[in-house]
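Scroll down for the structure; my scribbles are underneath it.
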2 protein chains.
Amino acid sequence: MATRPIIFGEIQDIPEGHWFEGRKEMMPSSFHRNWGAGIDGNGTTGTSAIVLSGGYEDDEDNGEEIIYTGAGGNDPNTGKQIEDQSWSNRGNAGLRKSQDEGLPVRVIRGHTHKSPYSPEKGYTYGGLYSVVDSWEEIGKSGFKICRFKLLYMGNNLLKRTPEQIELKITNKAAERKTGAVLRVIRDTKVAHDIKKLYDFKCQVCQFALPTKSGHYAEGAHIKPLGTPHNGHDSSDNLLCLCPNHHVMFDRGSFSIKDDLELIGEVTGKLFLHPSHKLNNKNLKYHRESHGYH
Amino acid sequence: MATRPIIFGEIQDIPEGHWFEGRKEMMPSSFHRNWGAGIDGNGTTGTSAIVLSGGYEDDEDNGEEIIYTGAGGNDPNTGKQIEDQSWSNRGNAGLRKSQDEGLPVRVIRGHTHKSPYSPEKGYTYGGLYSVVDSWEEIGKSGFKICRFKLLYMGNNLLKRTPEQIELKITNKAAERKTGAVLRVIRDTKVAHDIKKLYDFKCQVCQFALPTKSGHYAEGAHIKPLGTPHNGHDSSDNLLCLCPNHHVMFDRGSFSIKDDLELIGEVTGKLFLHPSHKLNNKNLKYHRESHGYH
């Protein structure tokens, strides 16, 4: 059997809600390539898909929020942990990689998974989720388990009932009663490609933040996305930056001249990979927006 | 007249939607303390409230998203710009400070402001907004204007019609089709107090990110908020960190011993202000969650 490529995000003709009779049917399309394992992926590529099949007693599924138990250490028949889990397990390392790199994870629910979202038989595709947190704890059986929090990021938010949407928003509003959302970092395919190109090293300071499974960087748009700037999510409008230089760049603490010289609170020169071309119009937009004339 | 204190966030007995006959009525409660100016605040304290009154031809009001023009340089009768605006204007500096520090801004709409959200007469309170972006550009009249993007963060999201909510979510979903939300930084009152205590210097590296109007730092929860950790938003569970060390801390790249020694990818000792007490249970939770035993 040839190795199938790993594919991240949505796969054509398999929309959210798609029903599979069995696990084998998920394999030809690379939807989920591992017949036996719940996690499809590893610490090098990241994880593209997971199956919830009731195999782990500590799993929690609230629909939009899933607390998922990593792989290993359980009795396949009872789902009970019989030994410690490990972060070096390829599935667990893969989910951490997806967290670091902001990769979307397809969530599949099996009939043996106990939740109101599971099908009567077979498997359903629950949409794209993000891994937003990972940690370890002692599970119900007294053994160490690797845990992940996944949040729904899919397109079917649109099809929710108003009550479901309201519930979601109520929870959010309660949290932010006295506060304010400051930073929402979106990670798109093109941003991910740019970060990979630089090996997650900041184009300003060359620092790649170490994480437990690799490195972390952010894709920074030179001309911002969204109104009123309407910059593009394209490589000629993207930089790979560490969070500190991303904040400073977005706030205009420094800017970049056409010859890549840094101006403002940061000096030196922007590191630019030979295969990465920037659009000078975007650089000009950033300079002018922040008063560098 | 005694100087009234500046108050951020909601003010008792003045809920969103509250109607004022005139500007004077906003003053005794500190709701908006400046009779003449649109912006209440300055570069030292930040801005607590703004009035949209049609005084600036470049303003845009889409309800949840406002593109606001800063103060200065306009003819009060026509609203037309007659000279450049400046970032050193106290109102403009105040809005930048609110952006840096994540302070909530009360938005008030006057009857002379042209938008579907304005009252027939008098003024209405439109709720709390966050300043998420600031930049400069050339306005319709050819002069430089200071611009701010504000997003609605108030509690009345709950009272929206399903259609309004759906529209909002549709826009969001379109943006994230191929991506994933990685980081949402919330900034609460207690987090803000901690950051002020440290003068926005990171408790790990002592670096305060310079911005155009001051400094930027993030409030990092030791035991995370939200399920399943359910940490508290209290000072004994909060650190003032730069974005880089915040990312690394949340991902367990380093942790903190009870004697404040840093362990993992970062070495040294956590800087702790004499008046800042941490709860050792929270430190222990962080260590154990990330495998520091």
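The values are calculated or read from the model by the stated rules, or taken from the named source; none is laboratory data. The structure presented is a predicted model; accordingly, all values stated were derived computationally and were not measured. Cβ atoms come from the backbone with ideal geometry, glycine included; neighbour counts cover every protein chain shown. Protein only, heavy atoms only, side chains kept; ligands, DNA and RNA dropped before computing areas. Shrake-Rupley method; radii C 1.70, N 1.55, O 1.52, S 1.80 Å.
Tabulated values for the structure
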{"item": "Filtered residues of region B:95-117 (kept if open to solvent by 30 Å² or more (accessible area, probe 1.4 Å) and within 24 Å of B:Pro15 (Cβ to Cβ))", "result": "B:His111, B:Thr112, B:Pro116, B:Tyr117"}
{"item": "Region A:63-91: number of residues that are buried (at least 18 other Cβ atoms within 10 Å of the Cβ) and in a strand (DSSP E or B)", "result": "6"}
{"item": "Residue list for region A:18-49, filter: in contact (Cβ under 8 Å) with a residue 40 or more places away in the chain, part of a loop (DSSP other than H, G, I, E, B) and open to solvent by 50 Å² or more (accessible area, probe 1.4 Å)", "result": "A:His18, A:Glu21, A:Thr44, A:Thr45"}
{"item": "Members of region B:251-264 found to be open to solvent by 10 Å² or more (accessible area, probe 1.4 Å) and either modelled with pLDDT of 90 or more or in the same structural domain as B:Ser88 (by TED's automatic domain parsing) (or both), listed by number", "result": "B:Lys257, B:Asp258, B:Asp259, B:Leu260, B:Glu261, B:Ile263, B:Gly264"}
{"item": "Region A:118-142: number of residues that are buried (at least 16 other Cβ atoms within 10 Å of the Cβ) and of a type outside the set (Gly, Ala, Ser)", "result": "10"}
{"item": "Leading residue by the ranking (nearest to the other protein chains (Cβ to nearest Cβ)) among those in region A:214-245 that are open to solvent by 10 Å² or more (accessible area, probe 1.4 Å) and not in a loop (DSSP other than H, G, I, E, B)", "result": "A:Asn244"}
{"item": "Breaking point among (1) assigned by TED's automatic domain parsing to the domain that holds B:His111; (2) open to solvent by less than 40 Å² (accessible area, probe 1.4 Å); (3) assigned to a loop (DSSP other than H, G, I, E, B), for B:Ile14", "result": "(1)"}
{"item": "Test: residue in region B:85-107 that is more than 23 Å from B:Lys196 (Cα to Cα), within 15 Å of the chain's Cα centre (by Cα) and in the same structural domain as B:Tyr125 (by TED's automatic domain parsing)", "result": "yes"}
{"item": "Single residue of region A:1-30 satisfying the filter (over 21 Å from the mean Cα position of the chain (by Cα) and charged (D, E, K, R)) that is farthest from A:Gly110 (Cα to Cα)", "result": "A:Arg4"}
{"item": "Any pair with Cβ under 6 angstrom, 6 or more apart, that starts in region A:252-274 at a residue that is away from chain B (no Cβ under 14 Å) and ends at one that is among the basic types (Lys, Arg) and open to solvent by 60 Å² or more (accessible area, probe 1.4 Å)", "result": "A:Leu260/A:Lys269; A:Glu261/A:Lys269"}
{"item": "Test: residue in region B:112-121 that is under 27 Å from B:Tyr216 (Cβ atoms), over 19 Å from the mean Cα position of the chain (by Cα) and not β-branched (Val, Ile, Thr)", "result": "no"}
{"item": "Output for region B:201-213, where each listed residue is part of a loop (DSSP other than H, G, I, E, B), facing chain A (nearest Cβ under 8 Å) and modelled with pLDDT under 95", "result": "B:Thr211, B:Lys212"}
